[in-house]
1. Could you work out the relative contact order of the range 109-214? I mean the mean sequence separation of Cα pairs under 8 Å and 6+ apart, divided by the number of residues, in percent.
2. Within the chain, what's the longest run with no trypsin sites (Lys or Arg not before Pro) in a DSSP loop and at most 15 other beta-carbon atoms within 10 Å? Give the range, please.
3. About the Cα centre of the range 109-214, how large is the charge dipole given +1 on each Lys and Arg Cβ and -1 on each Asp and Glu Cβ? Please answer in debye to the nearest 20.
4. Please list, in chain and number order, the residues 5+ apart from V187 or on another chain whose amide H is under 5 Å from its amide H, with Hs placed from the backbone.
5. Amide H to amide H, which residues 5 or more places from L236 or on other chains are under 5 Å from it, using H placed in the peptide plane?
6. Which ³J(HN,Hα) values in Hz, rounded to whole numbers, follow from the phi angles of the range 87-100 under the Karplus curve 6.51 cos²θ - 1.76 cosθ + 1.60, where θ = phi - 60° and Gly and Pro get x?
7. Taking neighbour counts of Cβ atoms within 10 Å as a proxy for exposure, in what order, fewest first, do E85, E235 appear?
8. Counting each DSSP H run of 4 or more residues in the chain as -39500 (n - 2.57), what helix-only mean residue ellipticity at 222 nm follows after dividing by all residues, to the nearest 500 deg cm²/dmol?
Amino acid sequence: MAIRVVVNGAKGNMGRQVVAAVQADAALKLVGQTDLGDDLAATLRSAQAQVAIDFTAPAAAFANASIIVAAGVHPVVGTTGFTPEEVARLQAQCRERKLGGVIAPNFALGALLMMRFAAEAAKLLPHVEIIELHHDGKAEAPSGTAIATAERIAAARPQRPAPKVESKELQPGARGARGYAVPIHSVRLPGHVAHQEVILGGLGETLRIRHDTVSRESFMPGVLLAVKKVVSATELFYGLEPLLFDGSDTPA
Ligand SMILES: NC(=O)c1ccc[n+]([C@@H]2O[C@H](COP(=O)([O-])OP(=O)(O)OC[C@H]3O[C@@H](n4cnc5c(N)ncnc54)[C@H](O)[C@@H]3O)[C@@H](O)[C@H]2O)c1
């Protein structure tokens, strides 16, 4: 039996891609599409949805996820903007209902692997810097993925290595954003989508781990995988990793 899926935010950039990806997957059945102004709760009910995929807007993220969970439908949420408290509230509601779901800041499988490899590499090569490159329409810097990568590295490496010399910036920012565990350099230029390079320096050697997103299609395999996994899960995960890697193999 195909899994019955509703896509919320179906008219958006991500939503349109998700609609096409669900329609192309024989294991899934698209039973509803909603966007701003539609009654999500009523659609979930009338379509007898099992999974709701949400790519809408940060301001609507929590309200939409709450509607999905209250309807007893498995949420697969890519919308950004949740506070940790909101995630915890939704996780508690899902635990009570034994409802599986996922809120994932990044559905690109290659990006998740890049973060995982970077954290692993930093255990042996603790001197690390990140360069992230995005299109010039991206308002905030650094990217959420770069910050998450820095956090993973900080958790994995034994300690932050002391710099050989304390470099004096002739212009503030010359050494990148320095408030994170590793310096992050943000590039904003036309011609880019979303890219990141983690550079690890060792004695006489350099390791570069690079991920390039060239189109929004990159998120679709992760979204489809999540839909298939959440129907048999009994809790709400934050991040896709627990659905990709088993417990003995969780990311650093
Ligand atoms: N997790 C990931 O991997 C990932 C990847 C790409 C984008 N995103 C996030 O997904 C979200 C959507 O991105 P996008 O590029 O598709 O944006 P978009 O603006 O192109 O599309 C958003 C759609 O949601 C609709 N919408 C807004 N508020 C709504 C509401 N309350 N109820 C129903 N529909 C509503 C809009 O009308 C629009 O059609 C953003 O938060 C973005 O950061 C996440």
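Read the figures in this text as sums done on the coordinates, not as results from a lab. These figures come from a predicted structure and were not determined experimentally. As a convention, Cβ positions derive from the backbone with ideal geometry for all residues, glycine included, and neighbour counts pool all protein chains shown.
1. Numbers: 179 pairs, mean separation 42.6, N = 106.
Once divided by the residue count of the range 109-214, the mean separation gives 40 percent.
2. Numbers: sites that count: K11, K98, K138, K164, K168, R175, R178.
Answer - 12-97.
3. Details: 13 positive and 11 negative charges, 51 e Å.
The dipole of the range 109-214 has a size of about 240 debye.
4. E132, L133, H134
5. Those qualifying (amide H under 5 Å, at least 5 residues apart or on another chain) are R95, G101.
6. Along the range 87-100, the couplings run 4, 4, 4, 5, 5, 5, 5, 5, 4, 4, 8, 6, 9, x Hz.
7. Values: E85 9, E235 15.
Final ranking by Cβ density, sparse to dense: E85, E235.
8. Working: 8 runs with 86 residues, N = 252.
Computed mean residue ellipticity for the chain: -10500 deg cm²/dmol.
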